[in-house]
Structures are given as structure tokens and as C-alpha cells.
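The block underneath contains the structure these notes are about, expressed in C-alpha cells.
The values are calculated or read from the model by the stated rules, or taken from the named source; none is laboratory data. The shown structure was predicted, so the numbers you read here are calculated from the model rather than taken from an experiment. Cβ placement follows ideal geometry from the backbone for every residue including glycine, while neighbour counts extend to all protein chains displayed.
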Amino acid sequence: MDSPTTLPTPPPATPPATPDDLFARLRDLGIAWTLHEHPPLFTVEDSKKLRGDLAGGHCKNLFLRDKKRNLYLVVTLEDRPIDLKALRAVLGGAGNLSFANAELLMATLGVAPGAVTPFALINDRERRVSVFLDKQMLGFDPLNYHPLSNAMTIAVSPADLLRFVADCGHAPRIVDL
């Protein structure tokens, strides 16, 4: 009689990085930032109402997928109109682009809707996401993004943003949107 086979227990999934994990990584990289805490923001409109005179480029982040399940993070200025049909050609996507759902966002970038940010690339350990940064956005200094939480904003230089993205193993494409 054969004895039952015991399958090995898979290792637990690594939990997503927290804002404190991100701040530690930024310190390790020598990246300076300015922190602004505020009530949770879910839309660009929320941000505009609350930010007052916060200097720099204010950005939006689109987490997209195509029909072949390729994933994209598009980071641009908050007021930049985006036509998903035209964007497909810029990204080289297969078929129509759509916004990825909350479950895929959490599984891939470790953040909830409203907290999408290039800093969430810290959680893309499998490097599934192709990163596209708006060329015009990179002309602003500083740039403002959520640090994995939509109840905070951090301001960083464009050069430091690029250094962080590269340190996460991504080679961003800088595009004119």
C-alpha cells in the first residue's frame, strides 16, 4: 500500500511594501523627498481641492492592461487628456486597453485604487508592468505622488524618480503623450 504523498507547503506570499518600507528604500538610495499628509484622496479632483499651493508637477497614474494581459503603468500630468485608443499605439499594446481591476492592481502593485503610483513598482517583483513616463511631466521639479497610500503625498525630483524606477528593475519608456 502506497503511503500518502505530502505536498510541500508553498512559501507565504510576500506582503506588499508599506509606506515605511518605501521611505526606508528611498533613504537607502539617497533620495530626498518631502512628505505631505492629508485626508485620503481618490481622484485628481479631490487632490486639486485639497492641495492648495503645493509646488511642482501633479500627476496621475493609469494602471492598464491589454487583451493579451500585458500590464502598463502610464504616469503623466494630472490634466493631460488620455485617449486609450491612441495610447495603445504608443504602448504597443495588443488590442484594446482597459483599466486593470482592483484585484490585479493589488496582486501586482500592492496598492488599492486611488493609491496608484510609480512607487508601487517596489511591489512588482516579477517585473510584469511596462512603465511609461510622460516626457512633459519630467520637466517639472518636484513631482508629486502618493507613497503607497492615498493619505500622503511625497515630492521628489524627476532624476530621483527615474533612479527609483530603475532600482526596482524597470526601464521606463519616456514618451510624448
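For the criterion of being in a strand (DSSP E or B), under 16 Å from Cys168 (Cβ atoms) and touching a residue at least 60 places away in the same chain (Cβ under 8 Å), Ile122 fails. Scanning region 125-177 for residues that are among the polar types (S, T, N, Q) and either in a helix (DSSP H, G or I) or under 14 Å from the mean Cα position of the chain (by Cα) (or both) gives Ser130, Asn144, Ser149, Asn150, Thr153.
Just one of (1) outside any loop (DSSP other than H, G, I, E, B); (2) surrounded by fewer than 21 Cβ atoms within 10 Å (Cβ to Cβ) fails for Pro113. It is (1). Considering region 59-98, the residues that are of a type in the set (Lys, Arg) and buried (at least 17 other Cβ atoms within 10 Å of the Cβ) include one that is nearest to Arg128 (Cα to Cα), namely Arg65. Applying the condition of being among the small types (Gly, Ala, Ser) and part of a helix (DSSP H, G or I) to region 8-59 and asking which residue is modelled with the lowest pLDDT yields Ser47.
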